[in-house]
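Engineer: What follows is a structure written as structure tokens; I'll ask about it next.
The values are calculated or read from the model by the stated rules, or taken from the named source; none is laboratory data. A quick note: this is a predicted structure, and the numbers were derived from the prediction, not measured. Glycine also receives a Cβ, built like all others from the backbone with ideal geometry; neighbour counts cover every protein chain displayed. For the accessible areas, the whole protein counts, side chains as well, though only heavy atoms, and no ligand, DNA or RNA atoms are used. Shrake-Rupley method; radii C 1.70, N 1.55, O 1.52, S 1.80 Å.
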Amino acid sequence: MIQLVNLEKAFGDNHVLKGVSVSVSRGEVVVLIGASGSGKSTLLRCVNLLEVPDSGEIWIDGVEVTAKGVVKHEVRRETGMVFQQFNLFPHKRVIDNITLAPIKVRGMSHKDAAELAMVLLAKVDLAAKARSWPHQLSGGQQQRVAIARALAMQPKVMLFDEVTSALDPGMTGEVLNVMKELAADGMTMIVVTHEMAFAREAGDKIIFMHDGIIVEEGPPSQLLVNPQHDATKDFLSKVL
Amino acid sequence: MRFINFELIFQTLPKLLDGAKLSLLISLFSVVLGVSLGIIVATGRLSKFWPFKAFASAYVAFIRGTPMIVQIFLVYFGLAEFGLTLPAFASGIVALSLNSGAYMGEVFRGGIQSIDIGQTQAGLSLGLSPFQVFTHIVFPQAFRRVIPSMGNEMVTLTKDSSLVNFIGIAELTYRATLIASRTYEYYAMYIGIAIVYFAITFTLSQLLSWLERRMGPYDSVSQSGKGLRR
């Protein structure tokens, strides 16, 4: 459903992506791992065009979104993203964080959007916090709201960018559980994470990136247990 | 020997208050126009479209680099040279608005730039257009954050409205000067209008801190703490 073809991206002299190709099928959970600076976050941000690749093609559901004349914010309606720092809108209540995009982008009525938001909040187990302000929530709760907010656009794919890295250790579980449920529901997901347990449990395919290229990819049972390349072995010995 | 001729101040108070009304009116128009212009200038300064950016930057540089009284004269006498004769009242408002717009522009620019880039990215990732991200996410937060410095600029503008007496607008300062030159009670009259100006700006300050308190209960301090960690 998603094809990234030979993507290249440089920030000045820093060549972050050196020809990366990834294919993601519908309902698949792809986990990107690798050291900081390996290019995995940049790759993820290319999928919803928060970063525009210097060359290469991105196809989502049969449409080339890197083609000329494609309106970026129309592409982004179909791709939900959750960030390391949550990025909830601090001036809006939890429910208004969630209903903003469905109302403004999808043209949904306030009533329908609020109903949808309550369903999603129940899904992430935060229905009681609908009227709270973001700063009144814990990090884990904020991140679960951020997931509900992204889901409210009913995206074709969900992108997770190190979503547990800014959380206290005790709060990562609640966020990862929501993600596992999503995966079980059949959501197509691309996940950048350092949580190897999550990768093993929920990932269909793991991609190891090093220095702007994909060194190795495969199912968790293969890549995590029996890595073929030295760089992969080296990385896994540090994080496992 | 009396220190201040309060009797004269009281006697002339109706005339002074008439002038104060005019001062208030000019300030009010100029503040509203100045804030509106400031928002446009700020977007210009932050624009990627270079002619807009260059124009906004040049405008701010010119306003900041020249005295306000010169700007007032330029609008009043200068426009007449091009065949556009504005009444003094309108000239005063135009000049004060143009002046305030530049300073407000810098205030808003700082506010907009202080909003974490993650807010923009989150808005964009939801499919909002860049314009929607600005109007629904970045600007409301920036606006709340700049209320103190915006208030500062409003107070400054209100006081600087006294300069339009030089183009013959019968506002507060003009009337005081007139009465003083007739009675030779300069000291009393300027003490009198000092009190009136203070009453106006003090009320304005109170209004602004009330606005700051009621605009959203979220805590900007805890927010900026998060910014530091990033």
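Engineer: Taking the range B:96-150 on its own, how many of its residues are open to solvent by less than 40 Å² (accessible area, probe 1.4 Å), touching a Leu at 6+ places or on another chain (Cβ under 8 Å) and under 30 Å from residue A:82 (Cβ atoms)?
Structural biologist: Residues flagged as open to solvent by less than 40 Å² (accessible area, probe 1.4 Å), touching a Leu at 6+ places or on another chain (Cβ under 8 Å) and under 30 Å from residue A:82 (Cβ atoms) within the range B:96-150 amount to 8.
Engineer: Identify the residue in the range A:63-99 that is open to solvent by less than 60 Å² (accessible area, probe 1.4 Å) and among the small types (Gly, Ala, Ser) and, among all such residues, is farthest from the other protein chains (Cβ to nearest Cβ).
Structural biologist: Result: A:67.
Engineer: Now a separate question. Filter the range B:177-208 down to the residues that are over 22 Å from residue B:14 (Cα atoms) and open to solvent by 40 Å² or more (accessible area, probe 1.4 Å) and list them by number.
Structural biologist: B:205, B:206, B:207
Engineer: Given the range A:185-240, what helices (runs of 4 or more DSSP H) lie entirely inside it while holding 1 or more residues that are closer than 24 Å to residue A:48 by Cα and out of contact with any Cys (no Cβ under 6 Å at 6 or more places or on another chain)?
Structural biologist: Answer list for the range A:185-240: A:196-202.
Engineer: Consider only pairs whose beta carbons are under 9 Å apart and that are at least six residues apart or on different chains; among these, list those whose first residue lies in the range B:177-192 and is among the small types (Gly, Ala, Ser) and part of a helix (DSSP H, G or I) and whose second residue is at pLDDT 90 or above and open to solvent by 60 Å² or more (accessible area, probe 1.4 Å).
Structural biologist: B:180/B:190
Engineer: Of the residues that make up the range B:43-52, is at least one out of contact with any Ser or Thr (no Cβ under 6 Å at 6 or more places or on another chain), closer than 23 Å to residue B:32 by Cβ, open to solvent by 80 Å² or more (accessible area, probe 1.4 Å) and of a type outside the set (Ser, Thr, Tyr)?
Structural biologist: no
Engineer: Condition first: within 30 Å of residue A:97 (Cβ to Cβ), crowded, with 16+ Cβ neighbours inside 10 Å and away from every other protein chain (no Cβ under 14 Å). Can you find one or more residues in the range B:67-90 that meet it?
Structural biologist: No, that holds for no residue.
Engineer: A further question follows. Which one is nearest to the chain's Cα centre (by Cα) among residues in the range A:152-173 that are touching a residue at least 40 places away in the same chain (Cβ under 8 Å), open to solvent by 10 Å² or more (accessible area, probe 1.4 Å) and more than 11 Å from chain B (Cβ to nearest Cβ)?
Structural biologist: A:162
Engineer: Which of (1) within 26 Å of residue A:225 (Cβ to Cβ); (2) open to solvent by 30 Å² or more (accessible area, probe 1.4 Å); (3) within 15 Å of the chain's Cα centre (by Cα) is the odd one out, the single condition residue A:184 does not satisfy?
Structural biologist: (3)
Engineer: Another question, if that's okay. In the set B:149, B:129, B:162, which member is within 9 Å of chain A (Cβ to nearest Cβ) and small (Gly, Ala, Ser)?
Structural biologist: Checking each option against the conditions leaves just B:129.
Engineer: When you go through B:112, B:137 one by one, which is the residue that is touching a residue at least 60 places away in the same chain (Cβ under 8 Å) and of a type in the set (A, V, I, L, M)?
Structural biologist: Of B:112, B:137, the one residue that is touching a residue at least 60 places away in the same chain (Cβ under 8 Å) and of a type in the set (A, V, I, L, M) is B:112.
Engineer: Of A:236, A:240, A:224, which residue is touching a residue at least 12 places away in the same chain (Cβ under 8 Å), open to solvent by 80 Å² or more (accessible area, probe 1.4 Å) and more than 19 Å from the chain's Cα centre (by Cα)?
Structural biologist: Result of the check over A:236, A:240, A:224: A:240.
Engineer: Being open to solvent by less than 50 Å² (accessible area, probe 1.4 Å), touching a helix residue (DSSP H, G or I) at 6+ places or on another chain (Cβ under 9 Å) and either of a type in the set (Val, Ile, Thr) or part of a helix (DSSP H, G or I) (or both) is the requirement here; does residue B:61 meet it?
Structural biologist: no
Engineer: Okay, moving on. Would you check which residues across the range A:92-128 are in contact (Cβ under 8 Å) with a residue 40 or more places away in the chain, part of a helix (DSSP H, G or I), more than 23 Å from residue A:74 (Cβ to Cβ) and of a type in the set (Val, Ile, Thr) and list them?
Structural biologist: Residue satisfying the conditions is A:94 alone.
Engineer: Every residue in the range A:11-55 that is open to solvent by less than 30 Å² (accessible area, probe 1.4 Å) and either over 21 Å from residue A:218 (Cα atoms) or touching a His at 6+ places or on another chain (Cβ under 7 Å) (or both), please.
Structural biologist: A:16, A:34, A:38, A:46, A:48, A:49, A:53
Engineer: Check off (1) assigned to a loop (DSSP other than H, G, I, E, B); (2) open to solvent by less than 20 Å² (accessible area, probe 1.4 Å); (3) within 26 Å of residue B:16 (Cβ to Cβ) for residue B:170 and give me the number that stays unchecked.
Structural biologist: The single condition residue B:170 does not satisfy is (2).
Engineer: Another question about this same structure. What do you reckon, is residue A:112 of a type outside the set (Lys, Arg), within 28 Å of residue A:139 (Cβ to Cβ) and open to solvent by 50 Å² or more (accessible area, probe 1.4 Å)?
Structural biologist: Judged against the criteria, residue A:112 is not a match.
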